[in-house]
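Here, each number is a calculation from the coordinates, and none is a lab measurement. Just so it is clear, the model here is predicted, and its values are computed rather than measured. In this analysis, Cβ positions are derived from the backbone assuming ideal geometry, glycine residues included, and neighbour counts consider all displayed protein chains.
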Amino acid sequence: MKICFKFSDCRLSIVDCNCPKNRQSFAMISKTLHIFLIVIAMSSVIYAAGSMIYYDPTIKNIIQNDCGRCHSGPSRYLMDYDSLKMYADNGILSAMVQGPMSGFAGNDAATIIDWVNQGAQEKPPAQPVRFNNQAPVCINPAVPLPNGSTRQTITYHNTIQAILAKDCLRCHSGQFRNLTTYDNVKIYVDNGLLKQLVQRGGPMHRFACQDSRLIIAWVDQGALP
């Protein structure tokens, strides 16, 4: 007699596997269990692929609806990604939506916390840009290096400040990613965003264009003031 285990009526019992009735029962259970495991595996893959939460548009809309009334001014300003990310990184955002601000966040608190735990990303990773060997379209002419300057002497005040004033301050002199001072620019140097935006393939490369080589060189040299 071949011994097998059978689960029936919430009980595990020992039965004879050679019995035709038991063999049929085991075949059905095995097939059902196999299908069940496949469904679970597929569900996990689908959930993992579709569960990433990004600032734009999900968290941005939540913050505007739940928090904008009080946090669109100077007190803990939360109306742009960089401001919100600071509170996500230091733990204040999660603590607040689970604590004193839970009444305002409501059911959105779980989404905010999931976003923070996933790394508080702004957008899905950008796809590589193909230029087909064509020269980039430059909106602004390049800023020349100062007289006598070399790659080792690029600083914010002798080169980068003028580049940013020409290429960037039309949009970045207000609250959104303000680039009007060295200290403000240094924030985006330190978190890697400045280099990512202006390098070839980045969304701001068409504005910086040839100046991007100076910005990147400045960052790589330590972003001297």
(request) Would you tally the residues in the range 179-199 being in a loop (DSSP other than H, G, I, E, B) and surrounded by 15 or more Cβ atoms within 10 Å (Cβ to Cβ)? (result) 3
(request) Would you please list the contacts, defined by Cβ atoms under 6 Å and residues six or more apart or on different chains, that run from a residue in the range 56-81 that is surrounded by 12 or more Cβ atoms within 10 Å (Cβ to Cβ) to a residue that is outside any loop (DSSP other than H, G, I, E, B) and among the aromatic types (Phe, Trp, Tyr)? (result) ILE59/TRP115; ASP66/PHE104; TYR81/TYR55
(message) Exactly one condition in (1) closer than 21 Å to MET79 by Cα; (2) more than 20 Å from the chain's Cα centre (by Cα) is false for LEU193; which is it?
(response) (2)
(request) Give the number of residues within the range 83-125 that are among the charged types (D, E, K, R), within 12 Å of the chain's Cα centre (by Cα) and crowded, with 17+ Cβ neighbours inside 10 Å. (result) 1
(message) Filter the range 159-177 down to the residues that are surrounded by fewer than 17 Cβ atoms within 10 Å (Cβ to Cβ) and assigned to a loop (DSSP other than H, G, I, E, B) and list them by number.
(response) LEU169, ARG170, CYS171, SER173, GLY174, GLN175, PHE176
(request) Test ILE53 against the criterion of being in a helix (DSSP H, G or I), touching a Ser or Thr at 6+ places or on another chain (Cβ under 8 Å), under 22 Å from PRO125 (Cβ atoms) and touching a residue at least 12 places away in the same chain (Cβ under 8 Å), and give yes or no. (result) no
(request) Filter the range 200-222 for residues that are more than 22 Å from ASP80 (Cβ to Cβ) and in a loop (DSSP other than H, G, I, E, B) and give the result. (result) ARG200, GLY201, GLN221, GLY222
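Restricting the search to the range 168-193, which residues are aromatic (Phe, Trp, Tyr) and closer than 17 Å to TYR81 by Cβ? Let's see the steps before the verdict.
First pass over the range 168-193, keeping only residues aromatic (Phe, Trp, Tyr): 176, 182, 188.
If the condition is that a residue be aromatic (Phe, Trp, Tyr) and closer than 17 Å to TYR81 by Cβ, then PHE176, TYR188 are the ones that fit.
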